[in-house]
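The values are calculated or read from the model by the stated rules, or taken from the named source; none is laboratory data. The shown structure was predicted, so the numbers you read here are calculated from the model rather than taken from an experiment. Quick reminder, even Gly has a Cβ in these numbers, built from the backbone with ideal geometry, and neighbours come from all protein chains shown.
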Amino acid sequence: MSSQAHYSLGLDFGTLSVRALLVDTRDGRAVAEATVPYAHGVMDSALPDGTPLPPRFALQHPQDYPDSMKAAIGAVLDTARPLGIFPSDVAALGVDFTSCTMLPVDGSGTPLCLDPAFEGDPHAYVKLWKHHGATEETDELNALAAARGESWLPSYGGTVSCEWMLPKIFETLRGSPAVFEATARFTEAADWISFMLTGTETHAAAFAGYKGLWHDGAYPSDEFLTALDPALTGLIGGRVSPRVDPVGGIAGHLTPRGGALTGLPEGTPVALPMIDAHAALPALGMTLAGDLTVILGTSTCHILNAAEAREVTGICGYVRDGVIPSLCTYEAGQAAVGDLFDWFVTYCVPASYTEAAKAQGMSIHTYLRSLAEKKCPGESGIVALDWWNGNRSILVDPTLTGVLSGMTLATRPEDIYRALIEATAFGTRVIVEQYEAFGIPISRVMAAGGIARKDPLMMQIYADVLNRPISVSATTQAGALGSAIYAAVAGGLYPTVTEAANSMAAKAERVFVPHPDAVEAYEGLYRRYRELHDHFGKR
């Protein structure tokens, strides 16, 4: 290792691309960054060979991950060399990933979809976090767990999500027994990448706890799994690794294969992988009890640190020591945010608006915001429900759909666009109120993600709806920076995640303060939202 090896490299595997960030661990300064999209993107209509996909499927091709990673790291290292920074100066590597993003592999760790015998089988591919194909299996799982009084169920808000590991495995068993039988391990994509880099099988506590139903040191019992389906007998310790590794540890060290994939020296430490949204917490300096981090992207995660454990109905769950050592970190979320706005501009905006945006040198999103921000809260009379991809929290129902209420012949696209922004803010308020109703205090709120930095209208609406100041981070790469912070600990440059964050975290770029008039107006609109929420969502 070089005498100036005070750099770490963070990899953030998102829904559509991987981002690489080289960081100076002394102060968190970004030295170089690169983003490389996945060649196959999200497969939701057909496989590469043309095999059509059922509704609610969202798959990915596992080869896209190492290919994009290699290109992104190569671009970063190429940028760093003229600055006098070389691969030997990188002390460690960290990885974060979407979750639950699951794939089946054979005994050698090779994804089953790479086997010609399975290349036309959807269940042999990666099931992305937003894959919602397992709804029927999830209903069976939840009914059985409730009937048996499984002790772990209340810790997950009383309802397991179809986005999680066990429902997706159960779906594979039902949908393709051949793939299930051929699978040696069902693994998170993060752990698979970790294996590709280090040759060591890992399973970080964050993934096991939040998405794998590992709670209080144990997975669901074999008796429960057998009652769910006899073919699931022995799943834990068989097709699912029983190993769970604590946060802040080392996954292993780069093997020759890992070195070839990254361009870094063999033996470079690799931190245990983290869930992408969770990795952002230390990057934003959100390491204290009462810190709520709102990660705005294609979906939104609401991650709250607390000093003690409580069972909160409708929340995705909590893990002690899962993100920040010594704290319980809770997760909730909204399944469609950025995806919702993209849907609207793709399918619902007339050509005249697109042409006007182009004429003014604006993106269509920027143009719609410029029109929407001229409106006052409630002016259009529209109230929307933000369930275009189901409800993740607090109703935990992927079958719920969106609602637009109050449209007239005077309604214009900017009115709907603003109503959709407000709907996502109202959905966030529902989650905030649920946390507090169960006795978990919130002392400060930080927003991060591309939307948070690019959309001041949205952030002001969130501050007004929540009636709380909202800070927006200066970093554009919160996940990758967080992974670089975990890497700095794995590389021995800091003793703890909190100490690394104290030196490396990004500062707040802007604080949005509630406007009293807007707060008052949104109180009335929020009551209408809750009436719609409860009418359409509570069954």
_Among the listed residues GLU171, GLU181, GLU188, identify the single one that is at pLDDT 95 or above, surrounded by fewer than 15 Cβ atoms within 10 Å (Cβ to Cβ) and of a type in the set (D, E, K, R)._
GLU181
*Residues located in region 123-154, provided they are farther than 18 Å from LEU232 by Cβ, surrounded by fewer than 20 Cβ atoms within 10 Å (Cβ to Cβ) and in contact with a His (Cβ under 9 Å, 6 or more places away or on another chain)*: SER151
*Pairs, please: C-beta under 6 Å, at least 6 apart or cross-chain, first residue more than 18 Å from VAL430 (Cα to Cα) and in region 391-410, second part of a loop (DSSP other than H, G, I, E, B) and among the hydroxyl-bearing types (Ser, Thr, Tyr)?*
none
*What number of residues within region 7-61 satisfy the criterion of being within 23 Å of the chain's Cα centre (by Cα), part of a strand (DSSP E or B) and of a type in the set (D, E, K, R)?*
3
_Odd one out for TYR210, checked against (1) assigned to a helix (DSSP H, G or I); (2) in contact with a Gly (Cβ under 8 Å, 6 or more places away or on another chain); (3) surrounded by fewer than 22 Cβ atoms within 10 Å (Cβ to Cβ)_ = (3)
*Which of the residues spanning region 443-485 are polar (S, T, N, Q) and either under 23 Å from VAL247 (Cα atoms) or outside any strand (DSSP E or B) (or both)?*
SER443, GLN460, ASN467, THR475, THR476, GLN477, SER483
*From the list LEU47, LEU53, which one is at pLDDT 95 or above and crowded, with 18+ Cβ neighbours inside 10 Å?*
LEU47
*Might you let me know whether region 155-165 holds any residue that is of a type in the set (Phe, Trp, Tyr), surrounded by fewer than 20 Cβ atoms within 10 Å (Cβ to Cβ), more than 22 Å from SER194 (Cβ to Cβ) and modelled with pLDDT under 95?*
no
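Yes/no matrix, rows are residues, columns are (1) touching a residue at least 12 places away in the same chain (Cβ under 8 Å); (2) closer than 26 Å to PRO154 by Cα; (3) within 20 Å of the chain's Cα centre (by Cα):
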site: TYR435; (1), (2), (3): yes, yes, yes
site: ILE440; (1), (2), (3): yes, yes, no
site: ARG444; (1), (2), (3): yes, no, no
site: ALA447; (1), (2), (3): yes, no, yes
site: LEU457; (1), (2), (3): yes, no, no
